[in-house]
Amino acid sequence: MQTPEFDVVVVGLGAMGAATLYQLAKRGLKVAGIDRFAPPHDQGSSHGDTRITRQAVGEGVAYVPLAIRAQQIWRELEAQQDEPLFEQCGVLVMTSSATPTGQDGTPDFTENTLALARQFGIEHEVLDATQIRQRFPQFAPIHDSALGYFEPGGGYVRPERCIDAQLTLARQLGATLITGETVLGIDSDPGRVQVTCQNRRISAAKVVVCAGMWSSQLLGAPFDRLLRVCRQTLYWYQLAEPLIFPERSPSFIVHGASDEQTCYGFPPIPGEGSMKIATEQYSETSTPDSLDRQVSAAQSEAMYRDLVLANITGVTPQLVKSAVCAYTLTPDSHFIIDEHPRLANVTVVSACSGHGFKHSAAIGEALAQRLVDGRSEIDLSAFSLARFDH
Ligand SMILES: Cc1cc2nc3c(=O)[nH]c(=O)nc-3n(C[C@H](O)[C@H](O)[C@H](O)COP(=O)(O)OP(=O)(O)OC[C@H]3O[C@@H](n4cnc5c(N)ncnc54)[C@H](O)[C@@H]3O)c2cc1C
């Protein structure tokens, strides 16, 4: 039997793949990373200048250690690369509905966030509607029963820079980067995994697949049943003069009564004079090939009318730029990080569902620990495929 060329091959070098490749290279493994484009790029799920990061992650308790560790890694990377990656401007999570509790009686996202902050001792403040209006006049009008959670340690990370920093360091540590090469298939033989690309075949002892929205296209069952791609749109609107929406503003999430009334956004990037805002849609499903990458004037007008005017002041309807990005969603909106059910020595990572970036640096580290030491310091068992067995 031939010795595999690499210890590990990472397929897909977006948020998850770049972090995994870097962490494996850091541990001295012989690694290669392959991507169909040249990351960081704007074709997947990791572009658009900014991603919210917060420690009390309302999505669930399993994510909190990942979010905390990832923030530490961004700081470590900044020190090595001398480039800002993590802007600690704080994050403000608000309910905008009169009924902050979910329809089925479960606590809503803001309440979940608060409970986790208390559980993990994460620094935060609870604000009522009057306090939000006084302290952050850019977020108004808000329903009088609004509840605000302010986490000063949160903020945003720069996704393209984070990916670039980790790929640069991985290369410096000896990783082989193959870009502009699409992986067409993966086969597991005893003792090695064969990766078939458009122009070459590569063998590795282990493979990690971080293919984002292309995962089901590449892997087939059961991922084609579990993963759904939803188009999302991002908008940057020009700020009004004189400035009401200040540069020193927190990242924010407004949780409305429905997905359509929910939005999130960022403070202006210094010098750019615009602020980015987005909403989430889960009703229309796309494929990577059918994804409509154009944002129409009608979509921008609707966004401004329905979400900017309803929640924010100090922003004009003048669209500075827009982008289309994609969520890859699982049925329960939680990540999949697990062994492939049929291909030995292949790990599959689908850590999106719209909330993965903030964790990516720590997921890469945990995966590297798992591949090298057999276990990770942070427990990833909540993300196993077994939960979908029934
Ligand atoms: C609009 C939007 C807003 C978001 N906001 C937030 C936020 O505020 N906070 C947060 O924490 N998260 C957020 N997320 C989620 C986060 O961005 C994603 O979880 C994360 O970027 C997913 O990274 P990934 O590595 O899985 O996918 P990607 O970054 O898309 O990487 C997949 C890579 O695989 C490559 N690839 C695919 N197939 C192949 C193949 N066959 N051969 C070779 N290469 C291949 C692709 O080219 C791509 O580079 C948001 C996502 C979107 C879309």
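Structure values in brief
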| read-out | value |
| --- | --- |
| Pick from segment 345-371, criterion among the polar types (S, T, N, Q) and in contact with a strand residue (DSSP E or B) (Cβ under 8 Å, 6 or more places away or on another chain), ranking: farthest from the ligand (Cβ to nearest atom) | N345 |
| Lone unmet requirement of (1) assigned to a loop (DSSP other than H, G, I, E, B); (2) modelled with pLDDT under 95; (3) crowded, with 22+ Cβ neighbours inside 10 Å for Q2 | (3) |
| Filter result (within 15 Å of the ligand (Cβ to nearest atom) and at positive phi) within segment 1-35 | G12 |
| Residue tally, condition within 16 Å of the ligand (Cβ to nearest atom), at pLDDT 95 or above and in a loop (DSSP other than H, G, I, E, B), over segment 58-98 | 4 |
| Residue check, L385 away from the ligand (no atom under 15 Å from the Cβ) and either open to solvent by less than 60 Å² (accessible area, probe 1.4 Å) or in the same structural domain as A165 (by TED's automatic domain parsing) (or both) | yes |
| Complete set of residues in segment 188-238 that are in contact (Cβ under 8 Å) with a residue 60 or more places away in the chain, away from the ligand (no atom under 14 Å from the Cβ) and open to solvent by 20 Å² or more (accessible area, probe 1.4 Å) | S188, P190, G191, R192, A205, K206, P222, Q238 |
| Any hit, segment 280-294, residues being among the β-branched types (V, I, T), within 16 Å of W236 (Cβ to Cβ) and modelled with pLDDT of 95 or more | no |
| Which numbered condition E123 misses (of (1) charged (D, E, K, R); (2) touching a helix residue (DSSP H, G or I) at 6+ places or on another chain (Cβ under 9 Å); (3) touching a residue at least 40 places away in the same chain (Cβ under 8 Å)) | (3) |
| Single condition F266 does not satisfy, out of (1) assigned by TED's automatic domain parsing to the domain that holds R135; (2) buried (at least 20 other Cβ atoms within 10 Å of the Cβ); (3) more than 16 Å from the ligand (Cβ to nearest atom) | (3) |
| Close pairs (6 angstrom Cβ cut-off, 6 or more residues apart or separate chains): without any contact (Cβ under 8 Å) to a residue 60 or more places away in the chain in segment 300-325, open to solvent by 50 Å² or more (accessible area, probe 1.4 Å) and of a type in the set (S, T, Y) anywhere | none |
| Sole residue being part of a strand (DSSP E or B) and of a type in the set (K, R), chosen from R225, R231 | R231 |
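Residue-wise test of (1) in the same structural domain as I336 (by TED's automatic domain parsing); (2) buried (at least 21 other Cβ atoms within 10 Å of the Cβ); (3) within 23 Å of P267 (Cα to Cα); (4) among the basic types (K, R).
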residue: M16; (1), (2), (3), (4): yes, yes, no, no
residue: T20; (1), (2), (3), (4): yes, yes, no, no
residue: L24; (1), (2), (3), (4): yes, yes, no, no
residue: V31; (1), (2), (3), (4): yes, yes, no, no
residue: F37; (1), (2), (3), (4): yes, no, no, no
residue: H41; (1), (2), (3), (4): yes, no, yes, no
residue: Q55; (1), (2), (3), (4): no, yes, yes, no
residue: V61; (1), (2), (3), (4): no, no, no, no
residue: A67; (1), (2), (3), (4): no, yes, yes, no
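The values are calculated or read from the model by the stated rules, or taken from the named source; none is laboratory data. The model shown is predicted, which means the values in this text are computed figures rather than measured ones. Reconstructed Cβ throughout: ideal geometry from the backbone, glycine too, with neighbour counts over all protein chains shown. The accessibility values were calculated without ligands, DNA or RNA, using every heavy atom of the protein model including side chains. Shrake-Rupley method; radii C 1.70, N 1.55, O 1.52, S 1.80 Å.
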